[in-house]
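Here is the structure we will look at.
Rule-based calculations on the coordinates, nothing more; no lab input. Note that the structure is predicted; figures quoted are calculated from it, not measured. Glycine gets a Cβ as well: all are built from the backbone with ideal geometry, and neighbour counts include every protein chain shown.
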Amino acid sequence: MAHFSYLYSSDRPEPYEGTEGREEQLYLSARYRLPIFWIAAFEKSDLRFIQVGQKQWPYTVAERQCVVERLQVRRESIQAVLPHLWHLTFDQFVDVLSKNQQHFIHMNLTDIGLMLDEPDDLEIRVKVMLTAFEKPPFCWSRGPRILFRLRDYNPGLKRLFAFNGISPGKPNTLDINSLAGGWFGDMPWEPVTISKSRAG
């Protein structure tokens, strides 16, 4: 059984319970991933909890305008991590959020959290990942190749890469699902592909 994380918009800060009253203008999903741009859109103060059965699972919510502004502020940090892949998909992702008319953006983690069994495990991991873009990471690129230096790179970014199965220096481990997710229908961005010539 597959597990997904979800990013959606709404006019209420509380998460939806069930399907009643749902009117999302935006609904993205990512299979077995917590996409990089989603994590970059939030910070630890956006973390909340939702009761599901006998357990409380973490999720994040923030005002849409704050999310857009935060992504723009963190543009340099994201560019440092993804020097050759980030810009097209990132700009389209921010554009989708900017044009959205609803007030809040939610990241639902309950389903993907089931891979870890316990909410506490997910909470610990997500708290660390949400620090990934608080400051520009130390990494660099040479020519057309994507290279990451782990020497000074922060625990949040390291945890985010590990969760998404991204191997520094191996661009074929990075795909659209790890960047921005997708939705049920046409995606607003083009699939990210890297030719052998570009990958070096």
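Peptides 63-72, 48-57 ordered by packing proxy, namely the average of other Cβ atoms within 10 Å per residue, highest first: 63-72, 48-57. Distances between placed amide hydrogens fall under 5 Å for residue 26 paired with 9, all partners being 5 or more residues away or on another chain. Annotation: amide H of residue 56 has no partner in the under-5 Å range at sequence separation 5 or more or interchain, hydrogens built in the peptide plane.
Summary of packing: across the peptides 30-43, 92-105, the per-residue average of other C-beta atoms within 10 Å ranks them, highest first, as 30-43, 92-105. Annotation: amide H of residue 62 within the under-5 Å range of 105, sequence separation 5 or more or interchain, hydrogens built in the peptide plane. Here the 3J(HN,Hα) profile of region 29-45, calculated from phi with Karplus coefficients 6.51, -1.76 and 1.60 at θ = phi - 60°, is 9, 9, 7, 6, 9, 10, x, 4, 5, 5, 4, 5, 7, 10, 9, 4, 5 Hz, Gly and Pro shown as x. Temperature 25 °C, viscosity 0.890 mPa s: under these conditions the Stokes-Einstein estimate for region 53-137, based on its Kirkwood radius over C-alpha pairs, is 168 µm² per second.
Remark: region 46-62, residue by residue, has Karplus-estimated 3J(HN,Hα) of 8, 6, 9, 9, 10, 7, 10, x, 9, 10, 9, 9, x, 8, 10, 8, 8 Hz, where x stands for each Gly or Pro and the curve is 6.51 cos²θ - 1.76 cosθ + 1.60 at θ = phi - 60°.
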